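Undergrad: Sharing a structure below in structure tokens format, with a few things to ask.
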Amino acid sequence: MLRITDQITIHDWELSETFTRATGPGGQNVNKVSTAVELRFEAERSPALPPAVKTRLKKLAGRRWTLDGALIIRVEDTRSQARNREIARERLADLIERALVAPKRRIATRPTLSSQRRRVDAKNRRGSVKSLRGRVDPREE
């Protein structure tokens, strides 16, 4: 069981782990020990998450979200299988915690009159600098 908040806990049946051989350094050990972990969380079927949180989680997950509504987290950071399992669970918990926070609604505001004038003045100055960069006519000297 994975505890996210006081209200949200993920049950073991929603999580499945598979172990594979990791890539990268590890000497001879890397060819014989399956230390990389792939944590699969059935997010779409999870009763612990409200629909709004599932939607935000899907957006945050990106390519890690499968077509059947599962979230897959692959970790091969360390040479220890147990530590990789911990890291995968921490990353899942962090992702769900970030999905729990509803984004603030943006309140549309108008730019102030002085900021509009500053912007136009800066554009005019920039335009005059650029116009002075042109080719010099030899007859004008």
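Undergrad: I need the full set of residues from region 45-58 which are polar (S, T, N, Q) and touching a helix residue (DSSP H, G or I) at 6+ places or on another chain (Cβ under 7 Å), in order please.
TA: Selection gives Ser46 alone.
Undergrad: Hey, another quick one. Identify, from the list Arg74, Arg56, Arg83, Arg64, the residue that is farther than 15 Å from Leu95 by Cβ and not hydrophobic (A, V, I, L, M, F, W, C).
TA: That would be Arg83, the only listed residue that is farther than 15 Å from Leu95 by Cβ and not hydrophobic (A, V, I, L, M, F, W, C).
Undergrad: Still on this structure: Looking for something touching a Lys or Arg at 6+ places or on another chain (Cβ under 6 Å) and at pLDDT 90 or above - is there at least one such residue anywhere in region 73-95?
TA: Yes: region 73-95 contains one or more residues that are touching a Lys or Arg at 6+ places or on another chain (Cβ under 6 Å) and at pLDDT 90 or above.
Undergrad: Here's a follow-up. Do the conditions hold for Glu42, that is, is it closer than 23 Å to Thr9 by Cβ and touching a helix residue (DSSP H, G or I) at 6+ places or on another chain (Cβ under 8 Å)?
TA: Against the criterion (closer than 23 Å to Thr9 by Cβ and touching a helix residue (DSSP H, G or I) at 6+ places or on another chain (Cβ under 8 Å)), Glu42 qualifies.
Undergrad: Just one of (1) over 20 Å from the mean Cα position of the chain (by Cα); (2) farther than 30 Å from Trp13 by Cβ trips up Ala48, so point out which.
TA: Among (1) over 20 Å from the mean Cα position of the chain (by Cα); (2) farther than 30 Å from Trp13 by Cβ, Ala48 violates only (2).
Undergrad: I would also like to ask the following. Go through region 54-109 residue by residue and tally those that are within 11 Å of Ala43 (Cβ to Cβ), small (Gly, Ala, Ser) and under 14 Å from the mean Cα position of the chain (by Cα).
TA: The number of residues fulfilling the criteria is 2.
Undergrad: Any residue at all in region 55-67 that is more than 23 Å from Glu17 (Cα to Cα) and not basic (Lys, Arg)?
TA: Taking every residue of region 55-67 in turn, at least one turns out to be more than 23 Å from Glu17 (Cα to Cα) and not basic (Lys, Arg).
Undergrad: Moving on. Name the helices (runs of 4 or more DSSP H) wholly within region 39-141 that hold at least 1 residues that are out of contact with any strand residue (DSSP E or B) (no Cβ under 6 Å at 6 or more places or on another chain) and surrounded by 15 or more Cβ atoms within 10 Å (Cβ to Cβ)?
TA: Counting at least 1 such residues, we get 51-61, 81-100.
Undergrad: Okay, next question. When both residues are 6+ apart or on different chains and their Cβ atoms are under 6 Å apart, which pairs have a first residue that lies in region 44-73 and is of a type in the set (Asp, Glu), and a second that is at pLDDT below 90 and loosely packed, with under 15 Cβ neighbours inside 10 Å?
TA: Taking only residues 6 or more apart or on different chains, the pairs are Glu44/Gly69.
The values are calculated or read from the model by the stated rules, or taken from the named source; none is laboratory data. In this text the structure is predicted, and so the values were computed from the model without any measurement. Please note: Cβ atoms are built from the backbone with ideal geometry, for glycine as well, and neighbour counts cover all protein chains shown.
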